[in-house]
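The values are calculated or read from the model by the stated rules, or taken from the named source; none is laboratory data. Just so it is clear, the model here is predicted, and its values are computed rather than measured. Cβ atoms come from the backbone with ideal geometry, glycine included; neighbour counts cover every protein chain shown.
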Amino acid sequence: MGAVTYPDAKVIGFLNEFLVPLQIKVDDAGDLGERYNLRWTPHLVVLNAAEKVAHMATGWMSPAEFVPWVMMGLAKASLIEKDWGAVKRHGQEIIDQYPGSFAAPQAVYYCGVSSFRVDHDAKHLKELLATLQKDYPKSEWAMRAWPYGKL
């Protein structure tokens, strides 16, 4: 990550604008290593303001995948707070800016579910299923949304 992803200008700009990045060597992690189960590198964790784990991954990511992955972490941090508007906003940013990313199908799912959580209208669930089946038919999120077709 240090050779390719972290030096990328877009990654640097995004991290500086939205996060407080912290890089810890696994062997020197101490209590943080235990708290966040750091065993392998790179081990990426997005925490919310209360230091609850919102999003976690192990393994290298390209700059093109890293930024939408972190954006999904911001959406999931908002989910913990039940801030449905922020969940949808972060998800929509992923869909609009990174539609081909690995995070995009999950963003579609989270946008639809967060809309449902606001007004409890099942049309949002049906729409997210239709979008996933059309744009991301082989994604795990299309499979997870399959029951919404029965509504």
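Okay, here's what the table says:
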quantity: Residue, modelled with the lowest pLDDT, within the range 39-67, restricted to residues that are touching a Ser or Thr at 6+ places or on another chain (Cβ under 9 Å) and hydrophobic (A, V, I, L, M, F, W, C); calculated: TRP40
quantity: Tally, over the range 103-138, of residues that are surrounded by fewer than 17 Cβ atoms within 10 Å (Cβ to Cβ) and either under 15 Å from the mean Cα position of the chain (by Cα) or among the aromatic types (Phe, Trp, Tyr) (or both); calculated: 0
quantity: TRP141 being at pLDDT 95 or above, crowded, with 17+ Cβ neighbours inside 10 Å and not β-branched (Val, Ile, Thr); calculated: yes
quantity: Which numbered condition GLU65 misses (of (1) surrounded by fewer than 20 Cβ atoms within 10 Å (Cβ to Cβ); (2) within 11 Å of the chain's Cα centre (by Cα); (3) not in a helix (DSSP H, G or I)); calculated: (3)
quantity: Any hit, the range 103-113, residues being within 18 Å of LEU44 (Cβ to Cβ), out of contact with any strand residue (DSSP E or B) (no Cβ under 7 Å at 6 or more places or on another chain) and either assigned to a loop (DSSP other than H, G, I, E, B) or free of Cβ contacts under 8 Å to residues at least 12 places away in the same chain (or both); calculated: yes
